[in-house]
1. Restricting the first residue to the range B:162-185 and requiring it to be on the phi > 0 side of the Ramachandran plot, which pairs with a second residue that is assigned to a helix (DSSP H, G or I) meet a Cβ separation below 9 Å and a spacing of at least six or different chains?
2. Search the range A:213-224 for residues being within 9 Å of chain B (Cβ to nearest Cβ) and over 18 Å from A:ALA71 (Cα atoms), and hand back the single one that is modelled with the lowest pLDDT.
3. Test of understanding: among A:LEU80, A:LEU106, A:LEU111, A:LEU74, which residue is more than 10 Å from chain B (Cβ to nearest Cβ) and at pLDDT below 95?
4. List every residue pair whose Cβ atoms sit under 6 Å apart, with the two residues 6 or more apart in sequence or on different chains, where the first one lies in the range B:58-76 and is not assigned by TED's automatic domain parsing to the domain that holds B:GLN106 and the second, anywhere, is among the hydroxyl-bearing types (Ser, Thr, Tyr).
5. When only residues in the range A:209-232 that are under 18 Å from the mean Cα position of the chain (by Cα) and among the basic types (Lys, Arg) count, which is nearest to A:LEU86 (Cα to Cα)?
6. Picking from A:LEU166, A:LEU185, A:LEU241, which residue would you name as being in contact with a Leu (Cβ under 9 Å, 6 or more places away or on another chain), surrounded by fewer than 18 Cβ atoms within 10 Å (Cβ to Cβ), modelled with pLDDT of 90 or more and within 10 Å of another protein chain (Cβ to nearest Cβ)?
7. Among the candidates A:LEU18, A:LEU14, A:LEU42, which residue alone is away from chain B (no Cβ under 11 Å) and assigned to a helix (DSSP H, G or I)?
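The values are calculated or read from the model by the stated rules, or taken from the named source; none is laboratory data. Just so it is clear, the model here is predicted, and its values are computed rather than measured. Reconstructed Cβ throughout: ideal geometry from the backbone, glycine too, with neighbour counts over all protein chains shown.
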Amino acid sequence: MNWVGLAGFGLVILSAILMAGLAFLRRNSTPVFREITAFARLRKAIGLSVEEGSRLHISLGRGGLTTPQSAAELAGVEVLRRIAELTSASDRPPVATSGDGAVTILSQDALLASEQAAFSTGYDPAAARLTGLTPFSYAAGALPVIQDENVSANVLIGSFGVEVALLTDTAERGNTSTMAGSDNLSAQAILYASAQDPLIGEELYAAGAYLKARPFHTASLVVQDILRWLIVIVILVSAILKLAGVL
Amino acid sequence: MKLKGLFSTAIAITTGLIVLVGYFVILPPLLDLRIAILNWFIILAAVALFVGLFNLLSVHANKLRNKEKGGIYSLILILSLLVTLILGLWLGPDQPVMASIFNAVQLPAEASLMALLAVTLTYACIRLLRPAQYAGLRSRTNLISAIFLVTALLILLGTAPLPFVGYVPILSDLIRPFIAQVLAAAGARGILIGVALGSLTTGLRILFGADRPYGSDPSRGGK
């Protein structure tokens, strides 16, 4: 193993130990998060959709589980699962769209699991759909869902590219609110201009913690903060050493 | 169901750990096992693609059956999908007929949607200029929106040559490179570091079994 691999492995082990330790230490404490407007509005949108009998549309993007974008997709599936649990009292379950076969199966599984947890028998396999396999065909297939299925709010969370602008534009025209986050830089810039509540950077991965807040979710956010500070220190020290001619 | 959930979690955690450790630690038996697991996963993902296609077909068939709005598009989609699938299976993906279907239908349709994006993004930028009370739920301050728009304009003016003027001297030589290569690059790296850390902790949560994107969660009850 070269030193880069060793450093990477060390970082993973350190993160795992920190996360397990912090989750154990904070298992009884009440989590405190900084306010992210998007999540506060999402909670309101969930409540409103149950009251109005409208649907929430959760778009998981077009990333696959065999690609580096899998973490964003899995974070999206976790959000879908949580939203499905919170809206299980509603007549209209949320509708999920994705651009990958495996993600579609996971989203169907998430909807089924939440129905089972609520002892409901209203599971509809068509509530989780594959809308297209290429970026634009995925977006084109998701547009009718936003327009025609009595959707009151859209949660776009996963891996999107520039095609996400078509989804946010359609949502805006239909007067539905949009919370959106992507792991792609171009999509984040577009979402900043076009979505009502954009999630920037790692906020996408914090969605699970904001909607659920179990000890491991809280611990994972603290670990992210610790690692971020470590990286900041390493960058600053490296810059100083480079200026001093040591490196 | 509870035992089934625990069993699937145990399998997921074990395979996840083998693949993760096999990525860093180069041991022949571990490496072979990791490659075997990844190959199984690729085969399963290909099967999942077919399951996804059946899902797509059933959703649109239901639309047709229930005479929902836009049923004609569902009919076109089903016919196109079946024709392409049969031709692809019969002729193979490298045949000129298959290439021409892609070049004459898929490519122009996607290029048109890409072109549509230019209009959509211009419209989104104009919306940023609207006062907060007309911008629905938009919460960002006008100062940040103004900075966003001014930066976009500076980059556009500095990148594209203007008629009769050509490249604008200071803007093209100094300001645009500074924004693109220093400010934007620094911001992008910061965001990418955040995304990488988020991916790492998401993966670890799944390895610890705190997030279970598969099956029912035993801690949440249910059947």
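1. Every condition considered, the pairs that remain are B:GLY166/B:SER172.
2. It comes out as A:ARG214.
3. The match here is A:LEU111.
4. What qualifies is B:HIS60/B:SER74; B:LYS63/B:SER74; B:LEU64/B:SER74.
5. A:LYS212
6. One residue alone meets the criteria, A:LEU185.
7. Step by step, each of A:LEU18, A:LEU14, A:LEU42 is checked, and only A:LEU42 is away from chain B (no Cβ under 11 Å) and assigned to a helix (DSSP H, G or I).
Here is a yes/no grid of residues against (1) hydroxyl-bearing (Ser, Thr, Tyr); (2) surrounded by fewer than 21 Cβ atoms within 10 Å (Cβ to Cβ); (3) closer than 13 Å to A:ALA153 by Cα:
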position: A:LEU14; (1), (2), (3): no, yes, no
position: A:VAL32; (1), (2), (3): no, yes, no
position: A:PHE39; (1), (2), (3): no, yes, yes
position: A:GLY53; (1), (2), (3): no, yes, yes
position: A:GLY64; (1), (2), (3): no, no, no
position: A:GLN69; (1), (2), (3): no, no, no
